[in-house]
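Since every read-out is calculated from the coordinates, none of them should be taken as a lab result. Just so we're clear, the structure is a prediction, and the values are computed from it rather than from any experiment. Positions of Cβ are backbone-derived with ideal geometry, glycine not excepted, and every protein chain shown enters the neighbour counts.
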């Protein structure tokens, strides 16, 4: 009999539940073509299992956050994981594409891990310590996307595409059990009713600081989405790169994110949140500017392209934990709602940036559109970070006008 957790969770638990949230997005991607063939469906329809899933996670984050503010983090997390397990079994047993896609959309409930882990950390720790711990947890969000497709591809080769969903069921059950015995409730200030909670929302939505942190996070991630949308065409056109080689190079930006998250975990306790936000945005902008200047000077090589984009991953690793904690710290009693809303804004912004990048890209202008979109997003993120810094200084001056 598993005992119900009464204490705050271990860091390992939060890392694993966050990793499962990110793993579920792309582990089965190598099997998309086989899934389409198995159901006799068009590949474009099968690909809705990715785009539709992302859209569903954006919607669910808006709902999951407020639910956790009202009922607590623990019950919402456990409910989301149980729904994910059942939906994964549904995908495994699906006999047609429509049933598969329906269950795949329900699988998006696992986003509770990525959405609520930051809120749980913020419940447990003061601002700077929370940003530090989130830096280490964010490393899981870098490792899972790198290893997920490799693991999924191996399972497909050995056992077929349904093996990935067997893995989702098994891993989901293990993580559910871990949360049951280790994830005690951390929200000690739950609202009495939804009416009371919604009455407090204008405080959050009218906060310029909240939007500054959230937009910094959205534009920072937007540079990564632009990279994913544009780099396949650029690599094929300029370098005739094979898909296998491209997969290795694409992992470089995630490797940069891993390093940046580690640095965030190490230094967030020492520096103000906005210092890491601004440092991350400057690193990203500097790397992209150097890469763009190199190409404009006529030095065309894949190492210059991917060497520059590594700095985007590094900068995002520094920026994301602090911007997430900052958004939740504006109104701590609405931390879950803030985490959900900022997360949904990030996903929705990523979808728009992906569309715009794809629409503007061509074989003739590909590398310059790619650099331009990534640099624009990184620069807008820097502007948002500087706006938050300015708000902090104005508030300090207002509170202590004589500088005493």
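Things worth noting here:
- Taking 0.36 nm per residue of separation and subtracting the Cα-Cα distance, full extension of the segment from residue 252 to residue 351 would add 33.5 nm.
- Treating r as the C-beta distance of residue 44 and residue 290 and R0 as 41 Å, the FRET efficiency rounds to 0.65.
- For the pair residue 166 and residue 362, label points projected 7 Å from Cα toward Cβ lie 4.9 nm apart.
- Maximal additional length on extending the residue 93-residue 78 stretch stands at 3.1 nm, based on 0.36 nm per residue less the C-alpha distance.
- When both the stretch 16-42 and the stretch 53-111 are represented by their alpha-carbon centers, they are found 15 Å apart.
- Counting only DSSP H runs of at least 4 residues, each contributing -39500 (n - 2.57), and dividing by the residue count of the chain, the helix-based mean residue ellipticity at 222 nm comes to -28500 deg cm²/dmol.
- Using R0 = 22 Å, the C-beta based FRET efficiency linking residue 51 and residue 302 works out to 0.20.
- Tensor-based shape of the stretch 238-308 (alpha-carbon gyration tensor, a/c under 1.5 rounded, otherwise prolate or oblate): oblate
- Label of the coordinate-derived value, log10 I(q)/I(0) by the Debye sum over Cα atoms at q = 0.06, 0.09, 0.11 Å⁻¹, listed as (1) -0.40, -0.66, -0.84; (2) -0.24, -0.54, -0.80; (3) -0.33, -0.63, -0.82: (2)
- For the pair the stretch 255-307 / the stretch 326-346, the C-alpha centres are spaced 25 Å from each other.
- If R0 equals 30 Å, the separation of the Cβ atoms of residue 395 and residue 124 corresponds to a calculated FRET efficiency of about 0.75.
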